[in-house]
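Read-outs: derived from the displayed coordinates by stated rules, not from any lab. This one's a predicted model, so the numbers in the text were calculated from it and none came from an experiment. Positions of Cβ are backbone-derived with ideal geometry, glycine not excepted, and every protein chain shown enters the neighbour counts.
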Amino acid sequence: MSSRQFFVGANWKLNPCSRDEKKKLIDMLNNANFDKNTEVVVAPPTLYAIAVADLLRKDVKVAAQNCYIKASGAFTGETSPTQLTEAGIPYVILGHSERRTLFHETSSLVAQKTRAAIDAGLSVILCVGETLQERESGATDNVVKEQLGEVVKLVSSEEDWSKIVVAYEPVWAIGTGKVATSAQAQETQKATRAYLASALSPKIAESTRIIYGGSVNDKNCRELATQPDVDGFLVGGASLTPGFVNIVNANAS
Ligand SMILES: O=C(CO)COP(=O)(O)O
C-alpha cells in the first residue's frame, strides 16, 4: 500500500451551462459522504471558479481548467496563474488533451505553463496521454515520456514536484465510454513512474501521484483503484452525475 494520498478530480469541462445545473452539482457535492482519506478537487469553468469555491464545502478544493504563462499584459482572453492564486483557487489542470488537440497546445507550452503555475503558488494536475493510433503503434510510453520530458526540463526539484499530480488520460478513452483496462492503466502508469525515477529521482517518482482519466464511472472505478500505480482519477462526464460520489470513495475500505 503506497503512502500517496488518493486523489479524485472532477473536470466539468464546459459544463454546466445553467445556474440551476450548477447549483444541483454543488448541492450534490456538499451533501456527499466522502472518504476522508481522499483529496477531492473540482474544476468548474474558470468563469464559475470563484463562485463555486465560495459555495462549496471547504474540504473540497477548486481547480481552474487552464491558465496562461504570464501574470499580466496584453493577452486577450487568457487567465493568469497569479490571478488564480489571488482568487484563492489552489489548483489548475494543464495539458488536457482537449487543449492539446483543439487549441494546439504543444508539450513545450504546457511545460511553460506548469513552470508559471508553480511559480505563482498553484498546484498542477498535469495531463498526458496517447492517441489510439499511438497506442496501436506501440508508442504509448514514448509519447508520455515526451510530454513529461518537456516539463522535466523546466521543473525538477522535489518541492516543485510535490505540487504536481500527473493525470494519465489516454485520448481514445476520453468521453468515448471506452475505459482503459486496469492492466493497461497500471502498465502505463508504472512506466510513467519509472520514467520519473530515472529523469528526476526515485523519491520524486515514489511520492508523485499518478491518476487515471478516461471514461471512469462508478462501475469501473473500484477495479481501477486496486492497481498499485493508480493513485486516483480525473473524471469528466461522470463528475456531472451522482455516481461521482462513489468514484471519490473508490479507494475506501
Ligand atoms: O477528460 C477527462 C477528464 O479530464 C475524462 O473525460 P470522461 O471521463 O468524460 O471520459
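Residues that are farther than 27 Å from Gly121 by Cβ and within 18 Å of the chain's Cα centre (by Cα) do not occur anywhere in segment 150-164.
Only residues that are part of a loop (DSSP other than H, G, I, E, B) and within 16 Å of the chain's Cα centre (by Cα) were counted in segment 227-253, giving 4. The residues of segment 193-226 that are under 19 Å from Asn11 (Cβ atoms) and assigned to a helix (DSSP H, G or I), listed by number, are Cys221, Leu224, Ala225.
Let's see how each residue does on (1) within 19 Å of the chain's Cα centre (by Cα); (2) farther than 21 Å from Ile174 by Cα; (3) outside any loop (DSSP other than H, G, I, E, B); (4) of a type in the set (Val, Ile, Thr):
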site: Leu14; (1), (2), (3), (4): yes, no, no, no
site: Ile26; (1), (2), (3), (4): no, yes, yes, yes
site: Ala32; (1), (2), (3), (4): no, yes, no, no
site: Lys36; (1), (2), (3), (4): no, yes, no, no
site: Val42; (1), (2), (3), (4): yes, no, yes, yes
site: Val52; (1), (2), (3), (4): yes, yes, yes, yes
site: Lys70; (1), (2), (3), (4): no, yes, no, no
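Leu148 falls short on exactly one of the conditions (1) among the aliphatic types (A, V, I, L, M); (2) more than 30 Å from Leu25 (Cβ to Cβ); (3) surrounded by fewer than 18 Cβ atoms within 10 Å (Cβ to Cβ), and that condition is (3). The residue list Leu102, Leu94 contains one member that is within 16 Å of the ligand (Cβ to nearest atom) and touching a Lys or Arg at 6+ places or on another chain (Cβ under 6 Å), which is Leu94.
Against the numbered list (1) under 24 Å from Lys24 (Cβ atoms); (2) surrounded by fewer than 20 Cβ atoms within 10 Å (Cβ to Cβ), Pro44 comes up short only at (2).
Taking segment 1-28 as the range and being surrounded by fewer than 21 Cβ atoms within 10 Å (Cβ to Cβ) and among the aliphatic types (A, V, I, L, M) as the test, the residues that pass are Met1, Leu14, Ile26, Met28. For segment 1-20, how many residues are in contact (Cβ under 8 Å) with a residue 60 or more places away in the chain and within 16 Å of the ligand (Cβ to nearest atom)? Total satisfying the criteria: 9. Among the residues of segment 163-183, are any within 16 Å of the ligand (Cβ to nearest atom), hydroxyl-bearing (Ser, Thr, Tyr) and surrounded by 16 or more Cβ atoms within 10 Å (Cβ to Cβ)? Taking every residue of segment 163-183 in turn, at least one turns out to be within 16 Å of the ligand (Cβ to nearest atom), hydroxyl-bearing (Ser, Thr, Tyr) and surrounded by 16 or more Cβ atoms within 10 Å (Cβ to Cβ). For segment 145-170, the set of residues classified as free of Cβ contacts under 8 Å to residues at least 24 places away in the same chain and either small (Gly, Ala, Ser) or closer than 22 Å to Gly236 by Cβ (or both) consists of Ser157 only. I'm checking my understanding of the structure. Among residues of segment 185-216 that are of a type in the set (S, T, N, Q) and crowded, with 19+ Cβ neighbours inside 10 Å, which one is farthest from the ligand (Cβ to nearest atom)? Within segment 185-216, the match that is farthest from the ligand (Cβ to nearest atom) is Thr208.
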